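Okay, structure first, notes after.
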Amino acid sequence: MQKIEFYEISKQITLEDISSIIKLKKQIKLSDDSRKKIIACREYLDNKLDGNDNPIYGVNTGFGSLCDTKISNDQLEQLQQNLLLSHACGTGDFVPKEIVKLMLLLKIQSLSYGNSGVQLQTVERLIQFFNLDILPVVYDQGSLGASGDLAPLAHLCLPLLGYGEVWKSENGSWKLEKSEDALKRNNLEAIKLKSKEGLALINGTQFMSAYGVWSIINAHKLAVISDKISSISIDAFDCRIDPFHPALHLVRPHKGQVQTAQEILACLQDSKISKQQKKQVQDPYAFRCIPQVHGASKDAIEYVTKVFSVEINSVTDNPNIFPALDMILSGGNFHGQPLAISFDFLAIACAELGSISERRTFQLISGQRGLPAFLVSNPGLNSGLMIPQYTAASVVSQNKQLCTPASVDSIVSSNGQEDHVSMGANAATKCYRVIKNLEKILAIELLNAAQAIEFRRPEKSSPYLESIITEYRKTVPFINEDRALYTDIENSIQFIDTYMKNLVID
């Protein structure tokens, strides 16, 4: 029997921790310190409410613009159940299951600090959902990214009450199951929420944060892969190595730029093609300016990483409870503006990696530098790789459209009480699509670069890059004559996807 590996929820969680939890399928548990804080906070709130009729937002009042409506103590538990039910108004596509699992993890992390007033039993149940792969059905539209991700988090937490649907893994596939059936199957009972709990569960930024964690991890990996694929393209297009000399980048030492130039040189070390005498004095920007363009995107990814590293270790519901200060404070930690702006920035950074990649593809099929037009023998009879560039251009164009910033938009809600919202949830789902598109664009560049390299034979690229090409050829064979290329593109995407899963980001 395989030993179960646990990750203990405590004060801080990093992106590396999350990657390890997901990749190694670790289970999670609360630290003793977290348990004590959750229990102490709940006891403080219960004592505060005992014999106290003063209004406390979201605890014994209505919500949003109904914040001045007092709720009697005998209705407080019904109030919290009503809150989850009424706010489960999501629509659109299903949120990917990997994102839902991250939502559970990050909600547990936020509640573990003991500033939200939830029962220990409620947090432990969310942990059971995570460990047992009881993944609630969540929809990707409905959140304004302020007041928390209300609709998505309501759907995430409905199964606590036995409402809604969850995903059930069965024989290697996923099927929908009623939450009440999932609870019975796992010998669990529905939770009875106490005061404040419903609000603690649906207030927060965990929908945005989960998309952010996924996006950052994959953006880091695709930035690394962009360097490797572009290095193959450099040799495929018989480019000069001068633009990557360290002296050039030390006089303009942006961190990402310097790192990219070093990575390109490392990839091309001992390349026979790179060492050949070149006829051209300069190469097109898509090759010559790889350090500057890739580097700028990497610097943006690093900035966004810092923002989300703070967010996933924060308390983002409202109000927040501070037993040591004897205070319950209502504020706006649920507001997603830091995330919305960061998502827009990250989407632009990733779209640019795709934009310059497509330009390299365009140059490779242009019939220059001794390469046949469209990288195929007997062009004319064969169209070769003419149309994959169209596909890449289409996806690049869509990314540009998806980069229209969401964070500059705001629509008033809740009778004017919530008069400025972040639209960070829309920024999150747009960014997710941009990153998925980037993988497709890079897969098409790799298809072209690997094809072009074959026309340089018998000269070879570096041993490192040749090993990648050899492995790639097991998935995507050389194109001798026209064939249906959609399968080659899909196989190229799968090759990158597999490479990403094995890639460890420091």
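Summary table below
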{"quantity": "Proxy reagent accessibility, fewest Cβ within 10 Å first, across S215, S31", "calculated": "S31, S215"}
{"quantity": "Per-peptide average of other Cβ atoms within 10 Å, ordering 380-388, 141-149 highest first", "calculated": "141-149, 380-388"}
{"quantity": "Cα-based reach from K29 at 12 Å (exclusive), listing aspartates and glutamates while leaving out same-chain residues under 8 positions away", "calculated": "E5, E8, E124"}
{"quantity": "Estimated FRET transfer efficiency (T498, T470; beta-carbon r; R0 22 Å; 0.05)", "calculated": "0.90"}
{"quantity": "Long-range amide H partners of I9 with built H, under 5 Å", "calculated": "K29, L30, S31"}
{"quantity": "Highest average packing first - 394-404, 130-140, 46-56, Cβ atoms within 10 Å", "calculated": "130-140, 394-404, 46-56"}
{"quantity": "Sequence-separation-based contact order of the chain, relative, with Cα cut under 8 Å and 6+ spacing, percent", "calculated": "17"}
{"quantity": "Charge-dipole axis of region 304-381 as Lys and Arg at +1 and Asp and Glu at -1 on Cβ define it, positive-most pick from F374, S342, T305", "calculated": "F374"}
{"quantity": "Sum of -39500 (n - 2.57) over DSSP H runs of 4+, divided by residues of the chain (222 nm, nearest 500)", "calculated": "-17000 deg cm²/dmol"}
{"quantity": "Loop-located chymotrypsin sites (Phe, Trp or Tyr not before Pro) in region 441-494, at most 12 other Cβ atoms within 10 Å (DSSP)", "calculated": "F478"}
{"quantity": "Theoretical gain in end-to-end length, L66 to K26 [0.36 nm per residue, Cα-Cα removed]", "calculated": "10.2 nm"}
{"quantity": "Taking E8, E358 and counting other C-beta atoms within 10 Å, the order from fewest to most", "calculated": "E8, E358"}
{"quantity": "Per-residue HN-Hα couplings for region 30-35 [Karplus 6.51, -1.76, 1.60; θ = phi - 60°; Hz; x = Gly/Pro]", "calculated": "7, 6, 4, 5, 5, 4"}
{"quantity": "Normalised contact order of region 211-272, rounded percent, pairs of Cα under 8 Å and 6 or more residues apart", "calculated": "36"}
{"quantity": "Inter-site label distance for S366 and K97 at 7 Å from Cα along Cβ, in nm", "calculated": "4.6"}
{"quantity": "Label selected from (i) 43, 26, 20; (ii) 50, 22, 20; (iii) 44, 31, 26, the criterion being semi-axes √(5λ) of the Cα gyration tensor in Å as computed here", "calculated": "(ii)"}
{"quantity": "Centre separation in Å (Cα based) which lies between region 176-211 and region 404-470", "calculated": "32"}
{"quantity": "Estimated FRET transfer efficiency (Y7, Q269; beta-carbon r; R0 35 Å; 0.05)", "calculated": "0.40"}
{"quantity": "Links that overshoot a 20 Å alpha carbon limit, given the list K48/K196; K272/K474; K11/K37; K70/K194; K101/K228; K298/K400", "calculated": "K272/K474; K101/K228"}
{"quantity": "Summed side-chain charge close to D344 - residues other than D344 whose Cβ falls under 14 Å, Lys, Arg +1, Asp, Glu -1", "calculated": "+1"}
{"quantity": "Taking region 239-308 and dividing mean pair separation by its residue count, relative contact order in percent (alpha carbons under 8 Å, at least six apart)", "calculated": "45"}
{"quantity": "Burial order of peptide ranges 22-29, 306-313 (average beta-carbon count within 10 Å, highest first)", "calculated": "306-313, 22-29"}
{"quantity": "Using θ = phi - 60° and Karplus 6.51 cos²θ - 1.76 cosθ + 1.60, couplings along region 273-290 (whole Hz; Gly, Pro as x)", "calculated": "5, 4, 7, 5, 5, 9, 7, 7, 7, 9, 10, x, 4, 4, 9, 5, 9, 4"}
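We did not get these values from a lab; they are worked out from the coordinates using the rules stated. As the structure is a prediction and not an experimental result, all values here were calculated from the model. Backbone-built Cβ (ideal geometry, glycine too); neighbour counts: all protein chains shown.
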